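Notes to accompany the following structure.
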């Protein structure tokens with residue numbers, strides 16, 4: 001069985017081909033590009049990923065928001081697709097790309113190649129009520145399916161699974177805090193391999209400061225902008241999703257590499273707020289979990305910026321987090337571990353592998369595992 005995974009994000013697209021042998025996925029090749037038109041990108045990316053002339057058994061699509069009705073991997077038929085379209089307004093940066101890639105893959109591969117959705121929200125489908133619910137009237141939340149869905153589930157699942165594998169696969173009772181830091185940013189708290197809380201909520205806007213997204217803001221502020229600044233809903237949506245975060249704070253860029261290289265006080269201030277928000281969430285999840293066995297860093301910034309890891313962990317020795325400065329500069333030398341040997345909580349850098357999680361979910365669905 002051969003499965004093609006399509007991961008269309010807000011700023012990039014990644015294709016990877018997997019062979020499924022004995023139920024486990026083995027990568028045959030991958031290709032990455034900046035986001036663009038799938039009709040122009042599919043053929044060269046698929047060839048680069050090693051798809052070949054033989055069509056895959058299935059195509060697995062990472063879907064940012066499964067909404068209230070698609071809460072696990074599923075074959076995309078008329079009903080599932082209608083549910084995904086219905087949820088599209090909840091993820092305006094991602095849904096158009098998801099839908100465009102699905103339409104093109106269906107066109108170019110035909111009806112015999114099965115299309116599978118793997119929702120990024122699936123990992124958080126069973127969050128405890130105290131983490132999933134907003135303090136709104138229950139009838140209103142029920143009628144409009146309002147809850148904290150959580151996002152980046154594939155990334156957090158990948159990090160926790162890889163960390164567990166390094167420990168022999170035993171996650172019983174293990175308490176893990178995982179940070180996915182890229183263009184979008186989120187943090188999750190997991191116990192025994194299952195999440196108990198996460199920073200993103202009803203949409204991918206809530207939580208940490210991101211490249212262009214605001215993260216947490218007072219809901220009253222949005223009402224103020226409507227009332228006093230005369231802003232309409234669409235303007236506020238654009239403001240929060242595309243013109244805020246690191247870009248809005250600095251006025252320079254949403255790219256952390258650009259800001260770290262800048263001497264501008266606005267860049268330094270944006271980075272400080274970004275790291276402070278992450279540090280604050282780590283503290284909150286230490287309280288929610290009652291301590292932790294590990295803090296994991298993944299994503300483009302989380303994996304490749306020693307400076308950001310240092311700034312986030314700095315000053316947290318009080319709770320048992322001790323960063324090894326030398327190891328932090330070259331995480332691969334110690335298998336990703338960047339904490340001091342006497343650190344009570346392990347700190348590790350994990351190379352996130354969303355595609356493998358997607359391929360496994362698709363294979364399990366197709367084989368009934």
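The values are calculated or read from the model by the stated rules, or taken from the named source; none is laboratory data. Note that the coordinates shown come from a computational prediction; the quantities given were computed from them, not determined experimentally. Here the Cβ positions follow ideal geometry from the backbone for every residue, glycine too, while neighbour counts run over all protein chains shown.
For this structure, a couple of remarks:
- If only residues of segment 314-330 that are touching a helix residue (DSSP H, G or I) at 6+ places or on another chain (Cβ under 8 Å) and not in a loop (DSSP other than H, G, I, E, B) are counted, the one that is surrounded by the most Cβ atoms within 10 Å (Cβ to Cβ) is 327.
- Complete set of residues in segment 51-63 that are outside any strand (DSSP E or B) and surrounded by 15 or more Cβ atoms within 10 Å (Cβ to Cβ): 51, 55, 56, 57
- Tally, over segment 331-369, of residues that are within 24 Å of the chain's Cα centre (by Cα) and part of a loop (DSSP other than H, G, I, E, B): 8
- Criterion violated by residue 90 - all others in (1) touching a helix residue (DSSP H, G or I) at 6+ places or on another chain (Cβ under 9 Å); (2) assigned by TED's automatic domain parsing to the domain that holds residue 17; (3) within 30 Å of residue 285 (Cβ to Cβ) satisfied: (1)
- Only one of the numbered conditions (1) free of Cβ contacts under 8 Å to residues at least 60 places away in the same chain; (2) over 17 Å from the mean Cα position of the chain (by Cα); (3) under 29 Å from residue 143 (Cβ atoms) is not met by residue 63, and that is (2).
- Residue match in segment 113-131 (condition: free of Cβ contacts under 8 Å to residues at least 40 places away in the same chain, touching a helix residue (DSSP H, G or I) at 6+ places or on another chain (Cβ under 7 Å) and in a loop (DSSP other than H, G, I, E, B)): no
- Selected residue (criterion: nearest to residue 362 (Cα to Cα)) from residues of segment 76-101 that are in contact with a strand residue (DSSP E or B) (Cβ under 6 Å, 6 or more places away or on another chain) and not in a loop (DSSP other than H, G, I, E, B): 80
- Residue 284 vs. criteria assigned to a helix (DSSP H, G or I), at negative phi, surrounded by 14 or more Cβ atoms within 10 Å (Cβ to Cβ) and within 21 Å of the chain's Cα centre (by Cα): yes
- Pick from segment 10-35, criterion touching a strand residue (DSSP E or B) at 6+ places or on another chain (Cβ under 8 Å) and loosely packed, with under 13 Cβ neighbours inside 10 Å, ranking: farthest from residue 242 (Cα to Cα): 26
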